[in-house]
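The values are calculated or read from the model by the stated rules, or taken from the named source; none is laboratory data. Model, not experiment: these values are computed from the prediction. Heads up, the Cβs are rebuilt from the backbone with ideal geometry, glycines too, and the neighbour counts pull from every protein chain shown. For accessibility, only protein heavy atoms count, side chains too; no ligands or nucleic acids. Shrake-Rupley method; radii C 1.70, N 1.55, O 1.52, S 1.80 Å.
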Amino acid sequence: MPARTGPIVVLTGAGISKESGLDTFRCAGGIWSQVSLEDVATPEGFARDPDRVQAFYNDRRRGLQAQDIRPNAAHEALARLERDWPDEVLLVTQNIDDLHERAGSRRLLHMHGELRKVRCTSCEAVHAWDGDLGAADACLACGTAGRMRPHVVWFGEIPLGMERIADALDRCALFMAVGTSGTVYPAAGFVAEVEQIGRAHTVELNMEAGHSASLFREVQQGPATRLVPAYVDRLLAEGIPG
Ligand code: APR
């Protein structure tokens, strides 16, 4: 039984899926260097040119279903942590891919939505959706055509699950951030919230220091597939540091 246990909150970003073959947003050659986020990740962009936005997410949805895109050792280690840790583990991801689910994580919250879901802007129903989404598609619940959008949180919109996240951050004994640049709020502010409470250990596992790295009690730099399995092993053997 590890020495110091307690509830854990893990926050992941695009970096955890990089070694599975999915692009990040702000690394060299990342998604926002290929396309303007104003055009494809804002409500204004969708209102201006819905077909362009649908095509952007259709491409990414197809890419996610490519044969060679699979969870990596970091996703799998977090699923193992949820399974073997004696207290609750909440995995909050900014990612819209499904690699955490495919690795076996269950207590998972997609605060920026999910690529494999769509939402009807007429009745707000959310549907699993694996094919391309187009203007002619009708809502499976209310039947309205032409009102479906990706179930993804765009800039300027309210992230999902914020009450549940705030409660978990208040109670956690460990906050771990993996593969996120710490540039987009509210996720970028989670470590400051936890440090203000002052009870939890905080650790960032990232290829390079994120924008909030100085707020973490512990920072490790390197690839997630090396850092995360080792950190999970250490937690299960020795408990939470500090
Ligand atoms: N292992 C660990 N970290 C990595 C790896 C890797 N193999 N490769 C890249 N990283 C790190 C980078 O150093 C960077 O800090 O992952 C981070 C990726 O940062 P971003 O591209 O900004 O992605 P993210 O932090 O998830 O972006 C947050 O911004 O555009 C919005 O909604 C989008 O959810 C996204 C949010």
Checklist outcome for this item: Given 49-56, 167-174, the highest-first ranking by average Cβ count within 10 Å works out to 167-174, 49-56
Next on the checklist: For a quick check of your reading of the filter: which chymotrypsin sites (Phe, Trp or Tyr not before Pro) in region 117-226 sit in a DSSP loop and have no more than 15 other Cβ atoms within 10 Å?
Outcome noted: 155
Checklist entry - Per the helix-only calculation at 222 nm, which mean residue ellipticity applies to the chain, given -39500 (n - 2.57) for every DSSP H run of n ≥ 4 and division by its residues, nearest 500 deg cm²/dmol? => result -9500 deg cm²/dmol
Checklist outcome for this item: Kirkwood radius from Cα pairs of region 7-47 plugged into Stokes-Einstein at 25 °C, 0.890 mPa s, gives D in µm²/s equal to 206 µm²/s
Item to check | For the chain, radius of gyration divided by Kirkwood radius, i.e. Rg to Rh on alpha-carbons | outcome: 0.98
Checklist entry - Roughly how many percent of the accessible protein surface of region 1-55 is carbon and sulfur, given a 1.4 Å probe and a whole-percent answer? => result 54 percent
Next on the checklist: So for region 30-146, averaging the separation of alpha carbon pairs under 8 Å that are six or more residues apart and normalising by length, what relative contact order in percent results?
Outcome noted: 19 percent
Item to check | Unit charges at the beta carbon, dipole of the chain: most positive-side option, 121, 156, 131 | outcome: 131
Next on the checklist: What's the magnitude of the charge dipole for region 1-104 around its Cα centre, counting Lys and Arg as +1 and Asp and Glu as -1 at the beta-carbon? Answer in Debye, nearest 20.
Outcome noted: 180 debye
Item to check | Convex hull volume per residue for region 41-122, taking Cα atoms only, in Å³ | outcome: 101 Å³
Checklist outcome for this item: Expected sort for 228-235, 100-107 on mean C-beta neighbours within 10 Å, highest first, is 228-235, 100-107
Checklist entry - Translational D (Stokes-Einstein, µm²/s) of region 130-180 at 37 °C and 0.692 mPa s when Rh comes from the Kirkwood sum over C-alpha pairs? => result 225 µm²/s
Next on the checklist: Net charge within 14 Å of residue 179 by Cβ-Cβ distance, Lys/Arg positive one each and Asp/Glu negative one each, not counting residue 179 itself?
Outcome noted: -2
Checklist entry - Given a 1.4 Å probe and every protein chain left where it sits, what share in percent of the accessible area of region 134-189 is carbon and sulfur? => result 58 percent
Next on the checklist: As a test of the definition: which semi-axes, in Å, follow for region 94-210 when you take the square root of five times each eigenvalue of its alpha carbon gyration tensor? Largest first, please.
Outcome noted: 32, 15, 13
Item to check | Average Cα contact separation per residue, the chain, under 8 Å, 6 or more apart, as relative contact order % | outcome: 25 percent
Checklist entry - Do any cysteines of the chain lack a neighbour Cys whose Cβ is under 4.7 Å away, and which are they? => result 27, 172
Checklist outcome for this item: Net charge near residue 111 (other residues with Cβ under 13 Å of its Cβ; Lys, Arg +1; Asp, Glu -1) is -2
Checklist outcome for this item: The answer for the chain, accessible area per residue at 1.4 Å probe in Å², is 45 Å²
Item to check | Dipole magnitude of region 17-57 about its Cα centre (Cβ charges: Lys, Arg +1; Asp, Glu -1), debye to nearest 20 | outcome: 120 debye
Checklist entry - So what are the three principal axis dimensions of region 88-133 from its Cα atoms, in whole Å, longest to shortest? => result 36, 20, 15
Item to check | Computed magnitude of the charge dipole of region 34-191 (debye, nearest 20; Cβ of K, R +1, Cβ of D, E -1) | outcome: 220 debye
Item to check | Two-site FRET efficiency, residue 39 against residue 218, from Cβ-Cβ distance with R₀ of 51 Å, rounded to 0.05 | outcome: 0.85
